[in-house]
Every structure is written in structure tokens, then in C-alpha cells.
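Reading through the C-alpha cells given below for one structure.
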Number of protein chains: 2
Amino acid sequence: MSPKTTKTTDRQTPTGDRQGVADQLRLDNQLCFALYAATGLVTRAYRPLLEPLNLTYPQYLAMMALWEKAPRTVSDLGEALGLDSGTLTPLLKRMEGAGLVRRTRDKADERRVQITLTDQGAALQEKAAGVPFALACALDLPGEEIVALRATLQDLARKLRGTED
Amino acid sequence: MSPKTTKTTDRQTPTGDRQGVADQLRLDNQLCFALYAATGLVTRAYRPLLEPLNLTYPQYLAMMALWEKAPRTVSDLGEALGLDSGTLTPLLKRMEGAGLVRRTRDKADERRVQITLTDQGAALQEKAAGVPFALACALDLPGEEIVALRATLQDLARKLRGTED
DNA sequence: GTCAATTAAATTGTATACAATATAATCGTG
DNA sequence: CACGATTATATTGTATACAATTTAATTGAC
């Protein structure tokens, strides 16, 4: 390793020098990679908790959205989850196959598909009741930090949603 | 909608009552969903910046890992990125097809595959130099908040990596 | 040294994601 | 009411992800 200063470079302005560029492109200096890695690890932490429910992680998110509000259309669900029909259609078909939801064309507007919870799908909420607490334990973070981090991320998401289209 | 209290419920202890369970399972109360949504939005913000480089977002992460250290083995890269060979092998084959890296069996240990940067792959770092700053602008967050959020996420990741195996 | 155990990649199969396109239904304007 | 524009979902094709298995090479205990 070449000798380096120990100065941390949390630069906000772009630097053109070779070392500056290399530093700016280090994985550990990327917010995006910190997000990517944390999301992957959290998803992995959910896996053993969701396996008994026979749900994948995105399916669990979809079920939460449906426990909040059902029936709702594919688009509505897509807005809530940030997913499009290309992702949701096959996901919902699998969930239909598993007996959790029904997909029925809206009679008032045949373009729309309403997603309804089956009895089994609604009942699954009871079994999922312990999941958030179990995960909070696995995270091993004080409650206030979880709340604060969540708020920061929701803030970031709000800003990014504003500049999308 | 049924009438509800406006009390925010950032509970850390599990509650068994119906409303408590429903609240605990609301999407907006999940740290995991905040992470998931923010990651998706950030990834989308990268897309237009990476398109001129002909890189997908995971490929961009892999390139950053390789600009930091190359050649390195598939496993080593996998540890850095949190990915296994099932994901990396096809990803690296595509990057090899694009002329960014070479994949060569390690002569000292034929089980290993060393990933080397081609001249083109190394040169791409110059073109990527502006990406982190451009994205920081798109995030529209003060630098200190970016640094703080990154540190919090790295902390979370460290804890989760500890409890994996 | 031999062979079971381990390790490193690759492969297979399933499940997201998303861009681009296709299809069908509804809307809006004349 | 006709018909182009818009909307909602589905489909197609490509690219992650990851569990489970396979293959090939190396290590280690004897």
C-alpha cells in the first residue's frame, strides 16, 4: 500500500486530481453502496422470518400494502411499492397461485385489475404479527435510531420522488 | 376509513391488540421498506448517469471495487460487494463481453478466477469521475447529512454482518 | 501418498426489477 | 359518435439476486 495521509476526504466539491477521483470512487465513500449493502443485509435478515409464512421479501411488502388497503388496483399497489406492472403482474400471479390474493378485472373499468385478499391472505396477517419485532431485535439498534434512520430515508425518498419524471 | 387517533406509534415492544399489529405492519412504519424504497430511487437516479458509460448499477459497483483493487478473485470481489458467484459469474461474463475485464484462471490455484481490468476498463474510471458529484447534487442533501447517513448505514451493515453466518 | 473434506466457480432454477412494446379499454375533442 | 390520445395491464427480453447443486482443484489427516 502506498503511504497516505489519514485525512478523511468527505468532499462535496469535485476534485480533478488523480487521488481525489480515486477516493471519490471508493466503494466505502458511496452512500449508494451503503444503501445497497444495508438493503441486501436487511433482506437477508428477513428471509428466515418470512420462510415460515411462505413469502419472499417483495411479497411480504405487497401483503403489508394489501393489509393496509384492499381491494386495490395493480397501479395503486405499484405506486405504494414503487414497482411497475412488469414486476407486479408476475409477482401477483404467484401470490394468487399461493392462494393469498385474487386478481379480478374491474367491471366498472375493464382495464383495471383489482387485487383482493383471500381469507387465507387476510389471516396471514396474524402470523406475520411477530415479524417486525423479531427483525427489530435482529437489527440490534435502539428504537430511537431506527425511527431516526427511517425518517431520514423517507426524507431522501421524498426528495428523489420529486425529481423523478 | 375508520376513525383513528393521530397518535404516532413508534413502538419498540410488540403489542398484541388488533390495531397495534396493523400499525406495526404498516409499510410506512417499516425501516426495511424505507431502505428498499430509497435504494430503488437512488438506483434509478444513477441510471441516466451510468447509461453513457454503458454500465448497469451493479456493474458500476463492481467496477469501483476493481478500480480500488485489481486483479482480485471472484470471491474477493463477492465479499466486497456482498454477492456470490451465482450473481457475479454472469455479471462478470457480461463485463468481459463489454471489454472491461478479463477472467483468467489463477495458475497457482486453478480453482480461482482472477478478474483483471482491461485498458478500457481502467480508462473508464476517468469517465466515471463526475458521477459521484452529479449524484450528490441529485440527492439534494447537505454534505454532512450524506456523511452521517452513510455512517449510520455502514454501522447497521456491520452489525448485520456480525450476526450472519 | 491417498482419499475424504473443503474450497472456488459455475450451473440450474426461481424470483425480482425494469425498459420497451403490445393490447385492450376508456376518455376527450370535435 | 367517431377516432386519436391516453390509461391500465400484460408481455418480452435482459439483468440482477440467491438457494441448491455440480465440478474441479486443493488441503489435511492418517
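The values are calculated or read from the model by the stated rules, or taken from the named source; none is laboratory data. Small disclaimer: the values here were computed from a predicted structure and weren't measured. When we count neighbours, we look across all protein chains shown, and the Cβ atoms used for this are built from the backbone with ideal geometry, even at glycine. The accessibility values were calculated without ligands, DNA or RNA, using every heavy atom of the protein model including side chains. Shrake-Rupley method; radii C 1.70, N 1.55, O 1.52, S 1.80 Å.
When you look at the Cβ of every residue in B:39-47, what mean number of other chain Cβ atoms sits within 10 Å?
Details: counts 13, 7, 11, 10, 4, 4, 4, 1, 0.
For peptide B:39-47, the averaged partner shielding equals 6.
Take the Cβ-Cβ distance between A:ASP140 and B:ASN54 as r, set R0 to 51 Å, and report the resulting FRET efficiency rounded to the nearest 0.05. Computed FRET efficiency for A:ASP140 and B:ASN54 comes out at 0.80. Farthest towards the positive end of the charge dipole of chain A, among the residues A:SER85, A:SER75, A:THR39, is the Cα of A:SER85, using unit charges on the Cβ of Lys, Arg, Asp and Glu. Its alpha carbons considered, the stretch A:55-125 gives a radius of gyration followed by a Dmax of 10.9, 32 Å. For A:ARG44, the distances from its label point to the matching points in the remaining copies are 2.7 nm, ordered from shortest, with each point set 7 Å beyond Cα toward Cβ.
The phi torsions of the stretch A:89-100, fed into the Karplus equation with coefficients 6.51, -1.76 and 1.60 and a -60° offset, translate into couplings of 4, x, 4, 5, 5, 5, 5, 5, x, 7, x, 8 Hz, rounded to whole numbers, with Gly and Pro shown as x. Restricting the calculation to Cα atoms, every distinct pair contributes to the Kirkwood radius of the stretch B:91-145, found to be 13.7 Å. Taking the charge dipole of the stretch A:97-136 about its Cα centre, with +1 at Lys and Arg Cβ atoms and -1 at Asp and Glu Cβ atoms, the residue from A:GLY97, A:ALA122, A:PHE133 reaching farthest to the positive side is A:GLY97. For the peptides A:86-95, A:145-154, the ranking by mean Cβ contacts within 10 Å, running from highest to lowest, is A:145-154, A:86-95.
Am I reading the A/B interface right? What is its buried accessible area, both sides, 1.4 Å probe, to the nearest 100 Å²? Numbers along the way, then the final one.
Numbers: alone 12150 and 12140 Å², together 18100 Å².
Looking at A and B, the buried total is near 6200 Å².
Here the calculated FRET efficiency for B:ASP106 and A:ARG94, from their Cβ-Cβ distance with R0 = 45 Å, stands at 0.65, rounded to the nearest 0.05.
Distance between the C-alpha centers of the stretch A:92-165 and the stretch B:30-83? Whole Å please. About 25 Å separates the Cα centre of the stretch A:92-165 from the one of the stretch B:30-83. A P(r) calculated from all alpha carbon pairs of chain B, with 5 Å bins opening at zero, reads 1, 7, 12, 15, 15, 14, 11, 8, 6, 5, 4, 2, 1, 0, 0 percent.
Could you check how many percent of all C-alpha pairs in the protein assembly as shown are farther apart than 32 Å? Summing the P(r) of the protein assembly as shown above 32 Å gives 38 percent of all pairs. Just the protein heavy atoms count here, and of the accessible area of the stretch A:55-125 at 1.4 Å, carbon and sulfur take up 48 percent. Hey, in the GNM for chain A with a 10 angstrom Cα cutoff, which one of A:LYS107, A:LYS127, A:LYS69 fluctuates hardest? Of the options given, A:LYS107 has the highest mean-square fluctuation. Across chain B, the mean sequence separation of Cα contacts (distance under 8 Å, 6 or more residues apart), normalised by length, yields a relative contact order of 15 percent.
When only the Cβ of Lys, Arg, Asp and Glu is charged (+1, +1, -1, -1), the dipole of the protein assembly as shown relative to its Cα centre reaches about 600 debye. Evaluating 6.51 cos²θ - 1.76 cosθ + 1.60 at θ = phi - 60° for every residue in the stretch B:147-163, the Karplus couplings come out as 4, 5, 4, 4, 5, 4, 5, 5, 5, 4, 4, 4, 5, 6, 5, x, 9 Hz, glycine and proline recorded as x. Starting from the label point of A:GLU144 at 7 Å along Cα→Cβ, the same points in the other copies fall at 1.8 nm, in ascending order. Taken along the Cα-to-beta-carbon direction at a fixed 7 Å, the label points for B:VAL147 and A:ASP17 span 1.8 nm. Where chain A is rotated onto chain B, the residue of A whose Cβ comes nearest the axis, and that gap in whole Å, is A:THR39, 2. Relative to the other identical copies, A:PRO90 shows label-point distances of 1.0 nm, where the label point lies 7 Å from Cα along the Cβ direction and values run shortest first.
With only alpha-carbon atoms in the gyration tensor, what are the semi-axes of the equivalent ellipsoid for the stretch B:116-165, in Å, largest first?
Values: eigenvalues 155, 92, 7 Å².
Those come to 28, 21, 6 Å.
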